[in-house]
1. For region 1-52, how many residues meet the condition of being away from the ligand (no atom under 13 Å from the Cβ), within 21 Å of Lys70 (Cβ to Cβ) and either in contact (Cβ under 8 Å) with a residue 60 or more places away in the chain or in contact with a Cys (Cβ under 7 Å, 6 or more places away or on another chain) (or both)?
2. Looking at Gln128 and the list (1) within 16 Å of the ligand (Cβ to nearest atom); (2) without any contact (Cβ under 8 Å) to a residue 12 or more places away in the chain, which single condition is not satisfied?
3. For Ile100, indicate whether it is under 15 Å from the mean Cα position of the chain (by Cα), aliphatic (A, V, I, L, M) and over 17 Å from Ser13 (Cα atoms).
4. Residue check: is Ile137 under 18 Å from Ala15 (Cα atoms) and within 12 Å of the ligand (Cβ to nearest atom)?
5. Of everything in region 146-181 that's crowded, with 18+ Cβ neighbours inside 10 Å and acidic (Asp, Glu), which residue is nearest to the chain's Cα centre (by Cα)?
6. Can you find a residue in region 120-127 that is acidic (Asp, Glu) and closer than 27 Å to Met1 by Cα?
7. Go through region 95-125 and give me each residue that's near the ligand (Cβ under 8 Å from one of its atoms), modelled with pLDDT under 95 and in a loop (DSSP other than H, G, I, E, B).
8. Report, by residue number, each residue of region 154-177 that is within 12 Å of the ligand (Cβ to nearest atom) and farther than 14 Å from Asp127 by Cα.
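The values are calculated or read from the model by the stated rules, or taken from the named source; none is laboratory data. Everything quoted here is computed from the prediction, not taken from an experiment. When we count neighbours, we look across all protein chains shown, and the Cβ atoms used for this are built from the backbone with ideal geometry, even at glycine.
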Amino acid sequence: MTNIAIWASGTGSNAQAIIDYFRENDHVNIAMIVSNRKQAGVIDKAVKEGIPYVYFSKNQIDTNDGVLDKLASSKIEVIVLAGFLLKIPSYLIRAFTDRILNIHPALLPKYGGKGMYGSHVHQAVYDQKETESGISIHLVNEHYDEGKILFQASTDLTPDDRPSDIGRKVLELEHYYYPRVIEAFVENALPQAD
Ligand code: GAR
């Protein structure tokens, strides 16, 4: 069984899709939700699902004030970022090398980097009159949105699509593919402990 911690700052619709997908799964256990925002919708979802959650402030995350200890005590092996908007500090990347996944709501390397998150991404895609957008699931390294890409999927856009329509189409891809990519990642990249 691989224990996964989902890190999220916002609504947590991806977190919910992942929780639903792995409910009663024999290989993947969503063991913890981490958020840097006390009011984040994802915390309500954790409560409703009975999944342990932890709040860490930006400062606690940046200085490793209990972060690695908490992950170790819950035997977390993989971290899944699902709308987590702070930069991941290097101590965490070193402790979880090639074991932190992120989802980005565009086709990287376009529309990535600092400040490119959520609706900002869809607005930029709209402004450029792109005819497609999509999702990128990648490993996290020390540079925003530059880790190895594991998976991308695209969706066609029409001239009628407003930024909110683009967001809706992209989110649909996210909810479908992110759990499936996590599953493949866990099965291929990690030894399965009994
Ligand atoms: C998702 O669209 C995710 O791709 C994006 O935030 C949204 C979170 O939605 N992440 C980024 O922009 C990271 N740069 P959710 O809270 O409903 O899952």
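1. 7
2. Gln128 satisfies all of (1) within 16 Å of the ligand (Cβ to nearest atom); (2) without any contact (Cβ under 8 Å) to a residue 12 or more places away in the chain except (1).
3. Working: under 15 Å from the mean Cα position of the chain (by Cα): yes; aliphatic (A, V, I, L, M): yes; over 17 Å from Ser13 (Cα atoms): yes.
Yes: the conditions hold for Ile100.
4. Numbers: under 18 Å from Ala15 (Cα atoms): yes; within 12 Å of the ligand (Cβ to nearest atom): yes.
Against the criterion (under 18 Å from Ala15 (Cα atoms) and within 12 Å of the ligand (Cβ to nearest atom)), Ile137 qualifies.
5. The qualifying residue nearest to the chain's Cα centre (by Cα) is Glu174.
6. In the first step, residues of region 120-127 are kept if they are acidic (Asp, Glu); the result is 127.
With closer than 27 Å to Met1 by Cα added as a condition, the list becomes none.
No: zero hits.
7. Scanning region 95-125 gives Gly112, Met116, Tyr117.
8. Narrowing region 154-177 to residues within 12 Å of the ligand (Cβ to nearest atom): 166-175, 177.
Selection gives Arg168, Lys169, Val170, Leu171, Glu172, Leu173, Glu174, His175, Tyr177.
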